[in-house]
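Enquirer: I'd like to ask some things about the structure below.
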Amino acid sequence: MSHSVECIECGASLSLPDNVMQGEILPCSDCGAELEVISLNPLTVDLAPMEMEDWGE
Amino acid sequence: MSAELITELVKRYSPSEQESDAVRYLVDWMTKNGFEASVDTVGNAVGWRGAPDAPYTLMLLGHIDTVRGEIPVRVEDGILYGRGSVDAKGPLCAFAAAAAQAVIPEGWRVIVAGAVEEEVTSSKGARHIAKTYTPDLCIIGEPSSADRITLGYKGRLIVEYTYTRTVSHTAHPEPSAGAMGVEFWKSVQDWAAHENENHERYFDQIMPTLQSINTSSDGFNEAVTMMVGFRLPPRQGPEEVVAAVSRFAAPNSELRAYGAEKAFQSDKNTPLVRNMLAAIRAQGERPGFVYKTGTSDMNIVGAVWGCPIIAYGPGDSRLDHTPNEHLSLAEYEQAVAVLRHFIEHLSY
C-alpha cells in the first residue's frame with residue numbers, strides 16, 4: 001500500500017504515517033486543509049467533514 | 001418495524017417527570033426484540049444486547065422525556081408530527097431499532113438507555129447512568145440529522161440577581177431599583193462583548209440572555225429581580241462567570257447561580273468518530289460535524305466517563321421544543337442504517 005497521497009485541495013504530495021486509519025483526519029502540511037482518509041486500499045482522501053453550528057437541546 | 005416503534009413511542013406523551021408510560025412501552029419493545037431490558041431505580045428504560053461480561057461496552061444514551069406541549073400525533077407524506085419526534089424520541093428509537101437489528105460483534109455489549117428528566121435541570125436519569133456504567137464508547141441520542149455528527153455542546157448558567165432599596169420620591173436623583181437592574185444587565189452585556197472579541201463562532205462566545213426582569217414595591221422598599229441566562233464556551237466555566245459578573249452587582253444585592261453545566265467538546269480523531277464517518281459514507285452520504293449552542297446529557301456524562309463521545313440522531317434540531325416538531329421517517333430509517341453499520345463494525 002502506498003502511503004503517499006495527493007491533497008485534493010492544493011495538489012501537494014502528502015506522506016501519511018504507516019498506521020494511518022480509515023476515518024482519520026489529517027491536516028495538509030502545505031495548505032492546512034483538513035483531509036479525511038476515506039479508504040485505505042486504494043489510499044484515498046477527501047475533504048474532512050465541514051464544521052457547522054446549530055442550536056437545540 | 002422501527003417506524004412503528006417511533007410512532008408508538010411519540011404517541012405516549014411523556015413530559016419530564018411523567019415518563020413512566022413511555023418507559024414501560026420501550027422496555028416491553030426491547031424485551032420482545034432481543035434485549036435484556038428493565039426499568040432502573042430512577043425510572044430510566046435500559047436494555048442491552050451482547051455478552052454481559054464483554055470487555056467493551058457501547059452506551060447509546062438517549063432521553064425519553066420531552067418538553068411540555070402535546071402535539072397531535074399523525075403521519076402525513078412520510079413525516080411524523082408529534083412532541084418528541086425530533087427531541088429526542090427519534091434518536092432514541094433509532095438506537096433501539098439499530099441495536100435490535102445488528103449482529104453484535106464478539107467482545108461487545110451494547111446498552112440502550114432512555115433517560116428521564118433530560119429537559120429539566122435535574123438531569124436525574126443521566127446522572128444515575130453516569131454513576132452506574134463505565135462505557136468505552138458513548139453516543140448521545142440527540143438530533144444532528146442523519147448525515148452529521150455532533151462534537152460538542154456549550155455550557156450553561158442561570159443567574160438570579162435581586163437588588164432591594166428603600167423607596168424614595170421619584171423626583172430624587174438616585175436611580176430606582178429597576179434602573180439599577182438595567183445597569184447590571186448592561187454591564188454583563190459589555191463584559192460578554194469584550195470577552196467575545198476575536199471569537200467568531202457562536203460556540204466560542206459567551207452568550208448572555210435577559211430571561212426576565214420584574215420590579216416590585218410594598219411602599220417602603222422596592223426591588224428588582226432578574227434572571228440572566230448564559231450559554232458558555234469551553235474556555236469559560238460557570239464559576240468564572242459567576243465571579244466575573246459579581247463585580248457588577250450593586251452593594252447589598254443578592255446573586256444566586258444555578259443550572260451550571262460546563263461546555264463539552266469531543267476530539268475528532270477517535271475510533272468512535274472514525275467509525276461513524278465510515279458508517280455515514282457507507283449510506284452514500286457526505287458526513288458533517290456540528291457544534292451545538294445548547295446543552296445535552298453529553299455535558300453530564302462526558303466529563304465523568306472520559307471516553308470517546310458524540311451525539312447523533314435523525315432530525316432537525318431547529319424544530320426542538322417548537323409547536324411544529326416533526327421528523328422525516330425516511331431520514332429516521334437512514335439513521336437506523338447508519339447506526340446498524342456502526343454497531344456491526346465496532347472497534348476500539
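The values are calculated or read from the model by the stated rules, or taken from the named source; none is laboratory data. None of the values given here were measured: they were computed from a predicted structure. Positions of Cβ are generated from backbone atoms using ideal geometry, with glycine treated the same way; all protein chains shown enter the neighbour counts. These area figures cover heavy atoms from the full protein model, side chains too; ligands, DNA and RNA do not enter into them. Shrake-Rupley method; radii C 1.70, N 1.55, O 1.52, S 1.80 Å.
Enquirer: Using the heavy atoms of the protein chains and a 1.4 angstrom probe, tell me the accessible area per residue for region A:3-47 in square angstrom.
Expert: Numbers: 2420 Å² over 45 residues.
With all protein chains present, region A:3-47 gives 54 Å² per residue.
Enquirer: Restricting attention to region B:218-269, which trypsin sites (Lys or Arg not before Pro) occupy a DSSP loop and are surrounded by at most 13 other Cβ atoms within 10 Å?
Expert: Values: sites: B:R231, B:R235, B:R247, B:R256, B:K262, B:K268; in loops: B:R235, B:R247, B:K262, B:K268.
Of the trypsin sites (Lys or Arg not before Pro), the ones in loops of region B:218-269 whose Cβ has at most 13 other Cβ atoms within 10 Å are B:R235, B:R247.
Enquirer: Determine the total buried accessible area between chain A and chain B, counting protein heavy atoms only with a 1.4 Å probe; round to the nearest 100 Å². Walk me through the numbers on the way to the answer.
Expert: Details: alone 4360 and 15380 Å², together 17520 Å².
That pair hides around 2200 Å² of surface in total.
Enquirer: When the accessible area of chain A is computed with all protein chains present and a 1.4 Å probe, what percentage of it is carbon and sulfur? Present the calculation step by step, with values, prior to reporting the outcome.
Expert: On the way: 1600 of 3170 Å².
Here carbon and sulfur together make up 51 percent of the probe-accessible area.
Enquirer: Still on this structure, please answer the following. When ligands, DNA and RNA are left out and all protein chains stay put, how many square angstrom of accessible area per residue does chain B have with a 1.4 Å probe? The partial results should precede the final answer.
Expert: Working: 14340 Å² over 348 residues.
Per residue, chain B has an accessible area of 41 Å².
Enquirer: If you average the C-alpha positions of region B:4-63 and of region B:314-332 separately, how far apart do those two centres end up, in angstrom?
Expert: A separation of 21 Å, based on Cα centres.
Enquirer: Quick one: what are the phi-derived ³J(HN,Hα) couplings along region B:155-161, Karplus 6.51/-1.76/1.60 with θ = phi - 60°, whole Hz, x for glycine and proline?
Expert: Each residue of region B:155-161 in turn: x, 8, 7, 10, 10, 9, 10 Hz.
Enquirer: In addition: Measuring from centroid to centroid over Cα atoms, what is the spacing of region B:131-155 and region B:67-97 in Å?
Expert: 19 Å
Enquirer: Rounded to the nearest Å, what's the spacing between the alpha carbon centres of region B:169-196 and region B:225-280? Just the number, please.
Expert: After rounding, the separation between the Cα centres reads 24 Å.
Enquirer: In deg cm²/dmol, rounded to 500, what helix-only [θ] at 222 nm does the protein assembly as shown give when every DSSP H run of at least 4 residues adds -39500 (n - 2.57) and the total is split over its residues? Write down the numbers at each step before the final one.
Expert: Details: 9 runs with 110 residues, N = 405.
After summing the helix terms and dividing by residue count, I get -8500 deg cm²/dmol.
Enquirer: Residues of region B:127-165 losing 20 Å² or more of accessible surface, assembly versus chain alone, probe 1.4 Å, please list them.
Expert: Residues of region B:127-165 that lose at least 20 Å² of accessible area once the other chains are added: B:R148.
Enquirer: Taking just the alpha-carbon atoms of region B:81-194, what radius of gyration and Dmax come out, in angstrom?
Expert: Computed over the Cα atoms of region B:81-194, radius of gyration and Dmax are 23.7, 80 Å.
Enquirer: Another one. Could you work out what % of the accessible surface of chain B is carbon and sulfur, using a 1.4 angstrom probe and leaving DNA, RNA and ligands out of the count?
Expert: On the way: 6850 of 14340 Å².
In chain B, the share of accessible area belonging to carbon and sulfur is 48 percent.
Enquirer: Another question, if that's okay. Checking buried surface per residue: for region B:279-317, which residues lose a minimum of 10 Å² accessible area in the protein assembly relative to the chain alone (1.4 Å probe)?
Expert: With the partner chains in place, region B:279-317 has these residues losing at least 10 Å²: B:R281, B:R286, B:P287, B:G288, B:F289, B:V290, B:Y291, B:K292, B:T293, B:G294, B:T295, B:S317.
Enquirer: Report the accessible area of B:Y25, computed with a 1.4 Å probe over the heavy atoms of all protein chains in place, in Å² rounded to the nearest 10.
Expert: 50 Å²
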